[in-house]
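Visitor: The structure follows.
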Amino acid sequence: MSEAAQLAVNGLMSGSLLMLPAIGFSLIYGVLRFPNFAVASIATIGGFSAYVANVLLHWPLPVSIAFAFLIAGLIGVGSDFLLLRPLRKAGIVAAAIGSLALNIFLENLVRFSFGNDLRGLNVPIMRDVVFLGLHVGRQQVFNVAWAATAAVVLFLLLKNSRIGKQMRAVADNPVLARIQRIDALLVGNITTFIAMGLAGIGGSLLALDTSVDPLLGFRILLPLFAACVIGGIGSFPGAVVGAAIIGIGEEMAAVLWSPAYRTGVGFIAIVITLMIRPSGIFSRQ
């Protein structure tokens, strides 16, 4: 029982790191209506941006994470302007394939710039916190706090701000939003910046949790997509719940088979979801 509880806690911790890229993926899909798989490589760029700021420039960790958000958001908007926006005119399939190609290009650009070595951020070594017999790393607690704070800020932005209401209007009914003279281009750019910035924060938190290398985004691509499918692509709460389910599922599966195959949980979850509830738990359809 205690082992199961420990695995559940570990799963929630890892799921919280997956949550921000999954929210970014769902946010783009909800507003721009296409799956942008480049979110994964943007998470990698976020991890390396935090590394450059924290290790090479000796900036404090909070500033480094904010820097990762900024760089990831700007590269996300720039790549969307140059490649994905023209492809969206050709349809969702062309845009999705283009985002996969962009993901591969950015991943290899990072590899060319930094090499394949594992790199870590400057974080102090701290003892685990023990509560009710469960062990939790202090850095994991901080990472969860960072992820939860970013998610809450985005939720409040979507609910209360003018741009948040415009984003929800475009997501709910693009035609009606256009009639109400909402600038869909501006809303799309802001959506992409925020979504990719969140992916960048997610990448920096993953770098804090373990290390960062050019394949960081590739490793989370299937789990984050599975999280969105489970929760319902385009759903904010769906991405949060889906990430938690995938995180716990991967930890539980590690008991049954080698941890090297933990990403197979995402594939199985997608298949089961499509068989039982294809639109996901929090589907908006």
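Visitor: Report the extension gain between ASN173 and VAL153 in nm, rounded to one decimal, defined as 0.36 nm multiplied by the number of residues separating them, less their alpha carbon distance.
Guide: Taking 0.36 nm per residue and subtracting the Cα distance, the gain is 4.8 nm.
Visitor: What angle, in degrees between 0 and 90 and rounded to the nearest 10, separates the Cα long axis of helix 162-172 from the longest principal axis of the Cα atoms of the chain?
Guide: 80 degrees
Visitor: In nm, what is the difference between 0.36 nm times the number of residues separating VAL130 and ASN116 and their Cα-Cα distance?
Guide: Numbers: separation 14, 0.36 × 14 = 5.04 nm, distance 3.53 nm.
The VAL130-ASN116 span can extend by a further 1.5 nm.
Visitor: Express the carbon and sulfur contribution to the solvent-accessible surface of the chain as a percent, rounded to the nearest whole number, probe 1.4 angstrom.
Guide: Percent of accessible area from carbon and sulfur atoms in the chain: 70.
Visitor: Treating the Cα atoms of region 61-121 as identical point scatterers in vacuum, please give the log10 of the normalised Debye intensity I(q)/I(0) at q = 0.19, 0.27, 0.28 Å⁻¹, two decimals.
Guide: -0.84, -1.11, -1.13
Visitor: Right, another one. Please find, in a Gaussian network model of the chain (springs between Cα atoms separated by less than 10 Å), the residue of PRO124, PRO214, PRO35 whose mean-square fluctuation is greatest.
Guide: PRO124
Visitor: At 1.4 Å probe size, what's the solvent-accessible area of MET19? Round to the nearest 10 Å².
Guide: My reading of the accessible area for MET19 is about 20 Å².
Visitor: Roughly how many Å is it from the Cα centre of region 182-209 to that of region 63-118, as a whole number?
Guide: 11 Å
Visitor: Please work out how much accessible surface ILE194 shows to a 1.4 Å probe, ignoring ligands, DNA and RNA, in Å² rounded to 10.
Guide: Its heavy atoms expose roughly 20 Å² to the probe.
Visitor: Let me ask you something else. Among SER26, SER79, SER113, determine the one that fluctuates most according to a GNM of the chain built with springs between C-alpha atoms less than 10 Å apart.
Guide: Checking each option, the largest mean-square fluctuation is seen for SER113.
Visitor: Separate question: Give the ranking of THR273, THR263, THR149, THR191 by solvent-accessible surface, highest area first, calculated with a 1.4 Å probe. Kindly include the intermediate steps, with their values, before the conclusion.
Guide: Numbers: THR273 20, THR263 55, THR149 80, THR191 0 Å².
The ranking, largest first, comes out as THR149, THR263, THR273, THR191.
Visitor: In degrees, nearest 10, range 0 to 90: what is the angle between the Cα axis of helix 2-32 and the longest Cα principal axis of the chain?
Guide: Approximately 20 degrees, to the nearest 10.
Visitor: With no solvent and one point per C-alpha, what does the Debye sum give as log10 I(q)/I(0) for the chain at q = 0.11, 0.13, 0.16 Å⁻¹?
Guide: Those come out to -0.61, -0.85, -1.29, one per q.
Visitor: Could you state the number of Å between the C-alpha centres of region 253-285 and region 138-174?
Guide: Answer, in whole Å: 25.
Visitor: A further question on this structure: Specify whether the C-alpha gyration tensor of region 1-130 places it in the rounded, prolate or oblate class, a ≥ b ≥ c being the square roots of the eigenvalues: rounded for a/c under 1.5, otherwise prolate if a/b is larger than b/c and oblate if not.
Guide: oblate
Visitor: Summing -39500 (n - 2.57) over the DSSP H runs of n ≥ 4 in the chain and dividing by its residue number, what mean residue ellipticity at 222 nm do you reach, to the nearest 500 deg cm²/dmol?
Guide: Values: 12 runs with 206 residues, N = 285.
Mean residue ellipticity at 222 nm (helix-derived): -24500 deg cm²/dmol.
Visitor: Follow-up. Given the whole protein assembly as supplied and a 1.4 Å probe, what does the accessible area of HIS58 come to in Å², nearest 10?
Guide: The value for HIS58 is about 140 Å².
Visitor: How about region 93-138: which trypsin sites (Lys or Arg not before Pro) there lie in a loop by DSSP and see at most 13 other Cβ atoms within 10 Å? Don't skip to the answer; put the middle values down first.
Guide: On the way: sites: ARG111, ARG119, ARG127, ARG138; in loops: ARG127.
Answer by residue number: ARG127.
The values are calculated or read from the model by the stated rules, or taken from the named source; none is laboratory data. What you are looking at is a predicted structure, and each value in this text was computed from that prediction instead of being measured. In this analysis, Cβ positions are derived from the backbone assuming ideal geometry, glycine residues included, and neighbour counts consider all displayed protein chains. Just so you know, the surface numbers come from the protein's heavy atoms only, side chains and all, with ligands and any DNA or RNA stripped out. Shrake-Rupley method; radii C 1.70, N 1.55, O 1.52, S 1.80 Å.
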